Every structure is written in C-alpha cells, then in structure tokens.
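What follows draws every value from the coordinates through simple rules; no lab data is involved. Since the model is a prediction, treat every value here as computed from it, not as a measurement. Please note: Cβ atoms are built from the backbone with ideal geometry, for glycine as well, and neighbour counts cover all protein chains shown.
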Amino acid sequence: MVRFLLVIIALLPAYMNAGIPQDFFRGPMDYDIMPGLKQDPEEDTETPAATVESDFWDVNDSLMNIPAYDRYCKWDTKVVHAYGFDLTRMRDTAHIKLRHEACDYAHPCHGEITSDFGERGSRYHYGIDLKLSIGDPVFCAFEGLVRIAQYSSTYGNVVVVRHNNGLETFYAHLDKMHVAPGDYVEAGQEIGLGGNTGRSYGAHLHFECRYLGEPIDPKSIIDFNSGDLVANSKTITSADFKYLEEIRSAKYHHIRSGDTLTEIAQKYGTSVSTLCQLNGISRNTVLRIGRTIRYR
C-alpha cells in the first residue's frame, strides 16, 4: 500500500501539468496586469506588484478588478492609445451612467476654454483645452483606475483613468503627476498639477473623453460653463463618431523643397482656396519642408 501511494505521489506533478498551457493561470497576455494595484482602496499602504501579478491571476480577476474590462478585454499601462476599435461602424447603442449621486462627478479644473474640440488647422483637436497656471491642482472627473501616468512627446505628462462606466478621461500637459498605474482614484481626487509639458504652447489642461479609445466631444458630457454634467447619463451611438469618417479619409502631401500651393493644388486636382481652408492657412503662408499639408 505504501509503495502504491509513493508511485501516485511521484506521478501527480506530471499528471497535473499534462496538456495545460504554461500561461493558463497567468493574466491576460500582452499587457501589464495591475502594477501597484491597491487591493483595498481604503488601505494607505500599497500591495507589492509581485503579489498582484501572481501566477494565479486569471481573466476573472481582470473582470472583477479592472473597470469595464468586459468591454475592452485589455488593460495596457504602457501605450496611451492601445485600442483598435472603429466606432464609426458601431451598430449597438451604449447607455452609460455618469452619475448616481452628486459626489460622482468633479470638474477637472475651472479655467476658461482656450481651444474647443474639433478642427484646428491641419490637425484635429480631440479634447478641450482649459486655462490654468502651472501648479494649479487638476482633479479626476469620475471614480476609476489609473491606466497611464507617464511622459508622452505630444501629451507631455499625461494621466489616463479608466472609469466603471466605460469612459476613459485624459489629463495632459501636467507639470506633476500624483498617481501611478493601478491606483484607485475617487471623483474629485487631485491627480496632478497643471503645466506646460509636451507639445504645448502655454500652460493649460488638455482634457479628453474617450470610449473604447475613440474620442467623444467632452461638451456632449460636461457643461464647461457651469462645471457640471450635461446629464446624469449618456447614450453613445455611431453618430458620436461620424466626424472620424472624414478625418480617416483625409489625404496629405509631404512638403518638399520648391513646393508651392499652386503646384500642390494642380497635382491633386484641387484649388489653392481649398488647401487654405483645409489647413487653416493663407495664400501667403510659408510652406515648411518636411511637414504635411492636407489636400482632401
């Protein structure tokens, strides 16, 4: 009997591992799983990342701990724009709750709007710019989990928060960041200080609202005059992303030495006035070599 038990014990590891992929008990692949996640938001001390990123983290843990994981099926703490959804082809309607109680929303900062969502020269502006001074506090709009807190060549110091309702909000050009990926944040919590980092010309907060990675005009969610929500919920359809169809069909010409507006217009069968309108320039604008100009 003893010999039989010894044989069973010896064979048990091989039996348990047979046919089971090495990553079966690991978290979803190709991205970090909650580095530095605080398991209990009320705790003052952080749970070590090694504890969180255990060999027994599976997709059920992701669904339970990561906001809206069932919609995104991804949690990337390195890449700011990490998704490949095309919501211009969205067929379903998404109904998202923005506020259950008064404390569920906080205005990011109360500066005046210096640049709206929409076309801005040859670039599309995917957020709202709010005036502030360097060092002014910036607050999280909704409760959620910090996905990104890093420096970007365009956004500068940027914080991205994933919220339980499926939205992600962006806070860019910060001077200082007070949070890290995996931090749980409340609505109204200070997440950083206003600044002028990245591609920025003067201190301001660049604020974005995105759903599954696609930008939504923040004014459809927030009344920036009153500093409050437009409504307590929002219905999202493909109509919210109709503007992206034109942007994605746009064509650009790379400016070379000797190029003129007249030559570019003739090359692409358009007019100088159209080029000026598409790019927010005049007939006398100096064309800089290496840059692009939109012709359609």
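With a simple spin-label model that places each label point 7 Å from the Cα along the Cα-to-Cβ direction, the separation between Ile255 and Asp70 comes to 5.1 nm.
Here each label is just a point 7 Å from Cα along the line to Cβ, and for Lys97 and Thr285 those points are 4.7 nm apart.
Under conditions of 37 °C and 0.692 mPa s, the stretch 31-249 yields 184 µm² s⁻¹ as its translational diffusion coefficient, taking Rh as the Kirkwood radius over Cα pairs in the Stokes-Einstein equation. Listed peptides 261-268, 123-130, 85-92, 70-77 appear in the order 123-130, 70-77, 261-268, 85-92 once ranked by packing, highest mean of other Cβ atoms within 10 Å at the front. Within the straight-line cut-off of under 19 Å between alpha carbons, the lysines reachable from Lys267 are Lys251, sequence neighbours fewer than 8 places apart in one chain being disregarded. When each of the peptides 150-161, 277-288 is scored by how many other beta carbons lie within 10 Å of its residues on average, the order from highest to lowest is 150-161, 277-288. Rounded to whole Å, the principal axis extents of the Cα atoms in the stretch 251-294 read 21, 19, 17, largest first. Cross-link candidates for Lys131: which lysines have Cα within less than 19 Å, leaving aside residues fewer than 8 places away along the same chain? Cross-link targets: Lys176, Lys219.
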